[in-house]
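Engineer: Below are the structure tokens for one structure; questions will follow.
What follows draws every value from the coordinates through simple rules; no lab data is involved. Keep in mind it's a predicted model, so treat the numbers as computed, not measured. In this analysis, Cβ positions are derived from the backbone assuming ideal geometry, glycine residues included, and neighbour counts consider all displayed protein chains.
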Amino acid sequence: MTGRLAGKVAFITGGASGLGRVGAERFATEGASVMIADIGDASDVLNAIARAGGTAASVSCDVSSDASVRAAIEVTMKTFGNLHVLYNNAGVMLSADDDPTNTPDDVIQTTLDINVKGVLLTCRHAIPHMIETAKRTGEMSSIVNVASFVAHLGAATPQIAYTASKGAVLAMTREMAAIYARRGVRVNALCPGPVMTPLLAKFLSDDAKRQRRLVHIPMGRFGEPHELVTGALFLESNESSWMTGQSLIIDGGITSAYVTPEGPAWS
Ligand code: NAD
């Protein structure tokens, strides 16, 4: 198998849907053996990867549970024998998540358990294997933590628990990058702007809500999953071999602009 991830083993959380699914398919096309770890059913993406001639397996995993993550990493090592790439993509944005005065405790807790603790737990169980793999191959292993553009700027359409969780992902990314920089593991964050995956589609079901966001995107359109996954692929591959602790923002210009252009989106 050739490709930018040829011969590598990739563990992808939340790979059954949205950005994770497109990532799993792309990583497999680029030569990786992919383990999809999700609480949801991954059979559709597994079939798609098999049809395209790629290599993938799946394991049921709740990233907020230490035992579940430990078991999923063990399955990965038994199945593929190495671990070069960790793509911490699983995340939730819950519908009752709002401003600090009215976001329920259970929403805050669940969001932090999945989006923050989930990243820590996969790192806890994957990193020892990623260090061993790096020693064997002589190439650094790579972790990409999916944060969000809301880790870099605020919005008056609040999901305060979600925003807090993504800020924490960025902070953990920098710290882990520093810890492991001489031990064989690079750690970077991918910060997507809004992309119409199932996660976002349920919040933006009516046109007024979509327009309220689009006016703040300089390019005038939402992102496509492949436009984010290409960034993840760069960070996970050896092409970014001297890059660690960084945040790659792919957002149609949102975080760079105060006033956005008028007129139709480029097409
Ligand atoms: P999605 O809802 O389409 O997919 C999320 C996947 O995570 C699903 O397959 C789901 O089953 C899985 N998942 C949820 N909880 C889990 C758990 N406890 N354990 C294991 N798997 C679990 O979402 P998406 O839009 O593809 O989002 C992927 C990542 O990108 C998330 O971290 C999200 O916060 C981030 N993100 C998305 C956008 C966007 O606009 N879509 C923007 C910025 C950041």
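Engineer: Applying the selection to the range 83-110, what residues are in a loop (DSSP other than H, G, I, E, B), crowded, with 19+ Cβ neighbours inside 10 Å and more than 11 Å from the ligand (Cβ to nearest atom)?
Structural biologist: 83, 84, 97, 103
Engineer: Select from the range 135-153 the residues that are assigned to a helix (DSSP H, G or I) and over 19 Å from the mean Cα position of the chain (by Cα) and write down the one among them that is surrounded by the most Cβ atoms within 10 Å (Cβ to Cβ).
Structural biologist: 137
Engineer: On to the next question. Filter the range 215-264 down to the residues that are more than 13 Å from the ligand (Cβ to nearest atom) and charged (D, E, K, R), then identify the one that is farthest from residue 87 (Cα to Cα).
Structural biologist: The selected residue is 262.
Engineer: If the Cβ limit is 9 Å and pairs must be 6+ apart or interchain, which residue in the range 92-121 that is free of Cβ contacts under 8 Å to residues at least 60 places away in the same chain pairs with which residue that is of a type in the set (Asp, Glu) and surrounded by fewer than 16 Cβ atoms within 10 Å (Cβ to Cβ)?
Structural biologist: Filtered contacts from the range 92-121: 96/106; 117/66; 121/66.
Engineer: Mind telling me which of the residues 217, 179 ends up being over 16 Å from the mean Cα position of the chain (by Cα) and under 30 Å from residue 134 (Cβ atoms)?
Structural biologist: 179
Engineer: A follow-up question, please. Which members of the range 245-267 meet the condition of being farther than 21 Å from residue 20 by Cα and among the hydroxyl-bearing types (Ser, Thr, Tyr)?
Structural biologist: Listed by number, the residues that qualify are 255, 256, 258, 260, 267.
Engineer: Can you name every residue in the range 219-267 that is touching an Asp or Glu at 6+ places or on another chain (Cβ under 7 Å) and among the β-branched types (Val, Ile, Thr)?
Structural biologist: Residue satisfying the conditions is 250 alone.
Engineer: Quick check on my filter: what residues within the range 1-46 are of a type in the set (Ser, Thr, Tyr) and in a loop (DSSP other than H, G, I, E, B)?
Structural biologist: Of everything in the range 1-46, those that are of a type in the set (Ser, Thr, Tyr) and in a loop (DSSP other than H, G, I, E, B) turn out to be 2, 17.
Engineer: A further question follows. Scan the range 47-68 for residues that are assigned to a helix (DSSP H, G or I) and either more than 20 Å from residue 8 (Cα to Cα) or not β-branched (Val, Ile, Thr) (or both) and jot them down.
Structural biologist: If the condition is that a residue be assigned to a helix (DSSP H, G or I) and either more than 20 Å from residue 8 (Cα to Cα) or not β-branched (Val, Ile, Thr) (or both), then 47, 48, 50, 51, 66, 67, 68 are the ones that fit.
Engineer: Sticking with this one: Go through (1) over 15 Å from residue 226 (Cβ atoms); (2) touching a Ser or Thr at 6+ places or on another chain (Cβ under 9 Å); (3) touching a residue at least 24 places away in the same chain (Cβ under 8 Å); (4) surrounded by fewer than 17 Cβ atoms within 10 Å (Cβ to Cβ) for residue 3 and report which single condition fails.
Structural biologist: Result: residue 3 fails condition (4) only.
Engineer: Show the residue pairs that are 6+ apart or on different chains and have beta-carbon atoms under 9 Å apart, the first residue being within the range 131-153 and free of Cβ contacts under 8 Å to residues at least 24 places away in the same chain and within 20 Å of residue 118 (Cβ to Cβ), the second being of a type in the set (S, T, N, Q) and surrounded by 15 or more Cβ atoms within 10 Å (Cβ to Cβ).
Structural biologist: Pairs that qualify, where the first residue is free of Cβ contacts under 8 Å to residues at least 24 places away in the same chain and within 20 Å of residue 118 (Cβ to Cβ) and the partner is of a type in the set (S, T, N, Q) and surrounded by 15 or more Cβ atoms within 10 Å (Cβ to Cβ), are 150/159; 150/163.
Engineer: Quick one: which of 168, 177, 156, 161 is under 28 Å from residue 223 (Cα atoms), away from the ligand (no atom under 16 Å from the Cβ) and in a helix (DSSP H, G or I)?
Structural biologist: Result: 177 is the single residue among 168, 177, 156, 161 that is under 28 Å from residue 223 (Cα atoms), away from the ligand (no atom under 16 Å from the Cβ) and in a helix (DSSP H, G or I).
Engineer: If you take the residues in the range 180-202 that are in a helix (DSSP H, G or I) and not small (Gly, Ala, Ser), which one is surrounded by the most Cβ atoms within 10 Å (Cβ to Cβ)?
Structural biologist: Ranking the candidates gives 180 first.
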